[in-house]
Amino acid sequence: MAENSFQTCPRCGKAIEAGFAGKAPGLSFVAPDKLQHFIFLDEDVAKSGLSKLLPSAAAFFRSYLCRSCELYIIDYSTTLDRAQAKQAAQSMTSGK
Ligand SMILES: [Zn+2]
């Protein structure tokens, strides 16, 4: 499992924001401290019978967002399941 994480934007060199991309229709950016809410939301939606609109299994990718030049990098090399994403989010937010 490659642990390559970006600290700065490869295009403009400014600080980059690490988060997660959800495997869902369209692209989303989920900040680590929001991931738990995102997971609960996902589960609520599934329970209300809208699961057909969502992928059967939740999957997340590490992603990096540069708000300066609006570059969005998604690391598709590693797929995180719900538990792994939650764990990664906790380690990302607790380390600060
Ligand atoms: Zn940039």
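Working only within segment 10-43, note down all residues that are away from the ligand (no atom under 16 Å from the Cβ) and either of a type in the set (A, V, I, L, M) or modelled with pLDDT under 55 (or both). If the condition is that a residue be away from the ligand (no atom under 16 Å from the Cβ) and either of a type in the set (A, V, I, L, M) or modelled with pLDDT under 55 (or both), then Ala21, Ala24, Leu27, Val30, Ala31, Leu35, Ile39, Phe40, Leu41, Asp42, Glu43 are the ones that fit. For segment 57-96, give me each residue that is within 16 Å of the ligand (Cβ to nearest atom), polar (S, T, N, Q) and not in a strand (DSSP E or B). Once the filter is applied, which keeps residues that are within 16 Å of the ligand (Cβ to nearest atom), polar (S, T, N, Q) and not in a strand (DSSP E or B), segment 57-96 yields only Ser68.
The values are calculated or read from the model by the stated rules, or taken from the named source; none is laboratory data. Because the structure is predicted, anything quoted here is derived from the model rather than measured. All Cβ positions, glycine included, derive from the backbone under ideal geometry; neighbour counts span all protein chains shown.
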